[in-house]
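To start, the structure under review is shown below, and the notes come after it.
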Amino acid sequence: MGRPAPNATGVGNVHSSYAEILDDSAVESRSRESRAMRLSITAMEEADADRANPGKRATAIYTVSRLWSALLEDIASPQNAYPAELKAQIISIGIFILRECEALRRDTRRDFETLTEICRIIEKGLA
């Protein structure tokens, strides 16, 4: 993107530079979130593929729970600029996912199919 042109004081246009940084940060943040979502999807797929392996199941539950706990913390932050309606929708999804993780922890007969599908939809939205 290059450097901003200096203004009359010899200082670059700070506002456009800052806006570019924020845009880059948003893109980087979405990319990190997408990668984290992909890791959780992979963990769930591996747990479903090897249902006899309790370690894979525990890893998947831990990975998904940790990811969504972090996302909920971020979305609930006053610094998060998402519109209130979108925040509420994401929080509802996150609460559902955390409840499902707890149900998966208690009932080993359950699979990750529902959570995997929800996370795939979210991942596509981040791309």
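Observations, loosely collected:
- The condition of being modelled with pLDDT under 95 and out of contact with any strand residue (DSSP E or B) (no Cβ under 7 Å at 6 or more places or on another chain) holds for only one of Leu104, Leu22, Leu39, that being Leu22.
- The set of residues from segment 64-93 being farther than 15 Å from Arg120 by Cα and either under 13 Å from the mean Cα position of the chain (by Cα) or touching a residue at least 12 places away in the same chain (Cβ under 8 Å) (or both) comprises Ser65, Arg66, Ser69, Ala70, Leu71, Leu72, Glu73, Asp74, Ile75, Ala76, Lys87, Ile91.
- Note on segment 25-83: residues that are over 15 Å from Leu115 (Cα atoms), hydroxyl-bearing (Ser, Thr, Tyr) and surrounded by 15 or more Cβ atoms within 10 Å (Cβ to Cβ) total 1.
- Scanning segment 72-127 for residues that are in a loop (DSSP other than H, G, I, E, B) and aliphatic (A, V, I, L, M) yields Ala81, Ala127.
- Looking only at segment 111-127, residues that are in contact (Cβ under 8 Å) with a residue 60 or more places away in the chain, over 11 Å from Asp48 (Cα atoms) and among the acidic types (Asp, Glu) come to 1 in all.
The values are calculated or read from the model by the stated rules, or taken from the named source; none is laboratory data. Computed from a prediction, not measured in an experiment: that's the story for all the values here. Neighbour counts run over all protein chains shown; Cβ positions are idealised from the backbone, glycine included.
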